[in-house]
Amino acid sequence: MLSFPAIFGIFFMGHAMLSMQHFRSMSQATGSSASPPIDIIIECLVGMMCCIWAILQSSGKFMKIKAAPYAAKRTYESLSYRPNFAIFNHRGRTLAESKKSS
């Protein structure tokens, strides 16, 4: 079921679309290439914000994300420690040796 902010936002976005179509037809008829009027831009932004607010309100209550039991007791530093990804055979050794010899 759509809430009032959703209907309000859809109406604003539809009206902004029709206003933009009218503006484009008028600018093509006169041959000018101006940017859209500020009222159309504001109307699009208000409609978008109303739709976003309605979607967030209809999604339900947000719940906290809980870590797995084994990760909840560990510190942040220990979570990022991965000794399996330590690589010691890389081009840094070769570059350091070539710098010493030159």
Q. Name the residues in region 33-79 that are in a helix (DSSP H, G or I) and either modelled with pLDDT under 75 or aromatic (Phe, Trp, Tyr) (or both), would you?
A. Trp53, Pro69, Tyr70, Ala71, Ala72, Tyr76, Glu77, Ser78, Leu79
(Q) Can you pull out every residue in region 26-51 that is open to solvent by less than 90 Å² (accessible area, probe 1.4 Å) and in contact (Cβ under 8 Å) with a residue 40 or more places away in the chain? (A) Cys50, Cys51
Q. Of the conditions (1) in a helix (DSSP H, G or I); (2) touching a residue at least 24 places away in the same chain (Cβ under 8 Å); (3) not hydroxyl-bearing (Ser, Thr, Tyr), Leu18 fails just one. Which one is it?
A. (2)
**Q.** Inter-residue pairs, beta-carbon under 7 Å, first on the phi < 0 side of the Ramachandran plot and in region 61-77, second modelled with pLDDT under 75, 6+ apart
**A.** Ala71/Leu79
Q. Within region 3-25, how many residues are surrounded by fewer than 16 Cβ atoms within 10 Å (Cβ to Cβ) and at pLDDT below 90?
A. 2
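The values are calculated or read from the model by the stated rules, or taken from the named source; none is laboratory data. Predicted model only: the values in this text are computed from it and were never measured. Glycine also receives a Cβ, built like all others from the backbone with ideal geometry; neighbour counts cover every protein chain displayed. The area values use the complete protein model at the heavy-atom level, side chains included, leaving out ligands, DNA and RNA. Shrake-Rupley method; radii C 1.70, N 1.55, O 1.52, S 1.80 Å.
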